[in-house]
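Derivation of every value follows stated rules applied to the coordinates shown; laboratory data play no part. All values derive from a computational prediction rather than experimental measurement. Backbone-built Cβ (ideal geometry, glycine too); neighbour counts: all protein chains shown.
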Amino acid sequence: SLALVGDPGASLYNTGAHTTTGVGMKGLVLSGGKGTRLYPLTYTKAKQLIPVANKPVLFRVIEAIRDAGIREIGIVVGDTAAEVKEAVGRGERWGVEITYIHQSAPLGLAHAVKESREFLGDDRFVMFLGDNCIQGGISPLIEQFGQSDWNAQIVLTRVSDPSHYGVAELDDDGRIVRLVEKPKEPRSNLALVGIYMFDRSIWEAIANIKPSWRGELEITDAIQYLVEHGYRVYPYIHRGWWIDTGKKADMLDANRLVLEEIEHRVEGFVDRDSQLIGKVTVEAGAEVINSVIRGPAIIGENARIVNSYIGPFTAIYHHTVIEDSEIEHSIVLEHSSIVAIPHRIEDSLIGRNVKVHRSPIKPKAYRLTLGDHSDIGLL
């Protein structure tokens with residue numbers, strides 16, 4: 001029968017008791033992409049380090065692997081290697097051991113696995129794309145794979161537009177028939193979600209595939225090889241939410257879903273003239289003065305919210321100032337300020353060290369410094 005990843009009510013983001021389901025396995029996280037769909041933010045920041053509910057997506061992936069009992073994690077890095085290494089370190093904060101693997105060129109997921117051979121050896125491993133968010137954790141999945149004799153396990157979920165993903169076609173008995181990367185005419189709505197488990201048979205598969213029309217070694221082709229050569233590949237159907245945080249809308253969706261799930265707390269200062277309504281986190285050192293915050297929302301460490309309204313599904317990162325302004329359904333990154341804006345900001349993703357303010361200079365005019373691929377709407 002097809003399985004469900006975790007409990008839809010459970011959360012990837014709880015980091016309490018750890019399991020031991022992944023003993024004997026290794027983790028491989030892919031964190032080398034340039035994130036072109038998130039330009040201009042990712043010109044200066046690795047896409048896996050953009051926070052969802054004030055925690056980088058990559059950190060959430062590491063926690064999910066750690067909570068499944070896996071302690072040895074390799075992170076595949078590319079052009080943003082220095083920034084990823086500075087943020088993650090050697091893994092002490094999570095109680096894991098991090099090894100960095102430099103991919104020589106962005107030549108596909110199977111190529112990234114191939115270049116990780118020295119780290120992985122012949123051990124079983126889970127591969128997790130570093131910009132994915134999935135509900136329910138991966139502990140049940142790891143436990144199931146660890147107790148089986150399967151050669152591989154893939155996680156699938158139903159999507160509305162499968163042409164953007166690797167797609168799996170199953171037969172009437174739920175067995176994999178075919179996998180195709182980004183098909184023009186999908187024969188199924190089951191997309192690969194970026195979580196895979198393999199044993200050493202993957203090395204034979206990768207050695208026998210050729211680059212696709214994109215010039216990349218596709219992991220879908222490697223899995224298809226396993227299927228066609230009689231290896232046991234199990235399709236694991238995920239029925240909770242899953243988001244590939246590759247675009248602004250995806251980031252905002254992930255932020256919304258995670259804010260609904262996390263355990264909220266108030267550790268900063270909230271004055272008597274302010275209101276916190278619903279699920280609201282105010283992190284240590286933050287100040288909320290004469291303001292209304294309607295949750296779910298999170299205010300980061302040492303942020304200041306003054307005479308302002310913070311609406312639902314908003315994450316304000318650390319050392320940020322919101323004053324005399326309104327904002328909702330948005331993400332604001334660190335060391336930014338939004339001051340005296342007359343209209344509400346919504347559906348926005350605002351980067352680091354950004355200043356949004358009204359200019360006192362006359363004549364009144366818009367003065368903009370925008371990076372490539374920016375999108376700005378003016379009233």
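Residue pairs exceeding 22 angstrom between C-alpha atoms, taken from K47/K184; K55/K114; K55/K248; K114/K210: K47/K184; K55/K114. Sorted largest first, the principal axis extents computed over the alpha-carbon atoms of region 114-171 equal 37, 27, 26 Å. Its Cα centre serving as origin, region 158-228 has a Cβ charge dipole (Lys and Arg +1, Asp and Glu -1) of approximately 200 debye. Scattering from region 251-308 was approximated by placing one identical point on each alpha carbon and applying the Debye formula without solvent; log10 I(q)/I(0) at 0.13, 0.21, 0.29 1/Å stands at -0.30, -0.74, -1.19. Pairwise Cα separations in region 232-369 fall into 5 Å bins from 0 onward with the following percentages, short to long: 2, 10, 18, 23, 17, 11, 7, 5, 3, 2, 1, 1, 0, 0, 0.
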